[in-house]
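One structure is given below, encoded as structure tokens.
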Amino acid sequence: MKKPIVFMVLLVLLTGCTAGGDSASPSPTATGSPTATAGSTASPPTAAQVTWAGTVCSDITTLKTDVQGLAAAAATGGDSVGTAISKQMDTVSASATDLVDTVKSPPENLGDDPELLAVQDSIDKVDQSLKTLEASASQVQGTTGAALVDALATVVGDTGDVLNSVAGTVQTVTTAINDTSSTLGQAFRAAPECADLTS
């Protein structure tokens, strides 16, 4: 009964690795990215803006790792699986809260940036998928037998949905990095944490 869950977990973890890999790497010639032209480059970012951008990218990386940990917890089996998932869901919820709070509280002079709304919208999608994951994770505790197998499969599937949403956010950050008219894009480009995220 446990093998299908383990197989699904492996698929989710592999998908998560791919989602943050080459497919999300910055490309100066990416379709839809503005071409650098005279007069189109935005003002350089402030130190506070670069720090904020780095925190956003770090928070995204942490959330991705924590969600992958939840998928792995679903494969532990035995009497402790409900407890393991509950504890890891607490960790996921905390990292998600950090990310949402960071993105919704940008530093001064970014409010009109063309890329900020796109990043915030992508985080809203992550948050929505996380609410679904929280609901499915709560159904594991106290469940046994075939119902437990089904509950765990649902959790694994929902972690995959969250990781896909996170991959969308990574792509949004990459798009911002390629936007020469965006101060936020320059801030993301200057933050080492974002280079790690999109590499």
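Any read-out appearing in this document is the output of simple, stated calculations on the displayed coordinates, not a laboratory observation. Here the structure is a predicted model, which means the values were calculated and not measured. Heads up, the Cβs are rebuilt from the backbone with ideal geometry, glycines too, and the neighbour counts pull from every protein chain shown.
With labels modelled as points extended 7 Å from the Cα through the Cβ direction, what inter-label distance (nm, one decimal) is found for Asp127 paired with Ala48?
2.2
Run through all the Cα pairs of the range 89-131 and give the fraction in each 10 Å bin from 0, expressed as whole percent.
Bins of 10 Å from zero give 27, 50, 20, 3 percent of pairs.
If you build the Cα gyration tensor of the range 43-199 and take the root of 5 times each eigenvalue, what three semi-axes come out, in whole angstrom, biggest first? Provide the component values of the computation, followed by the final result.
Values: eigenvalues 243, 30, 29 Å².
Calculated on Cα positions only, the semi-axes equal 35, 12, 12 Å.
Taking every eigenvalue of the Cα gyration tensor of the range 123-199, multiplying by 5 and rooting it, what semi-axes result, largest first, whole Å? Could you put the intermediate results ahead of the total?
On the way: eigenvalues 267, 22, 14 Å².
Those come to 37, 10, 9 Å.
Which is farthest toward the positive dipole end of the range 51-195 among Val155, Gly185, Ala96, measuring Cα position about the Cα centre, with Cβ charges +1 (Lys, Arg) and -1 (Asp, Glu)?
In the range 51-195, that residue is Val155.
Peptides 115-126, 137-148: what's the order by average Cβ count within 10 Å, highest mean first?
On the way: 115-126: 18.7, 137-148: 14.4.
Highest to lowest by the protection proxy: 115-126, 137-148.
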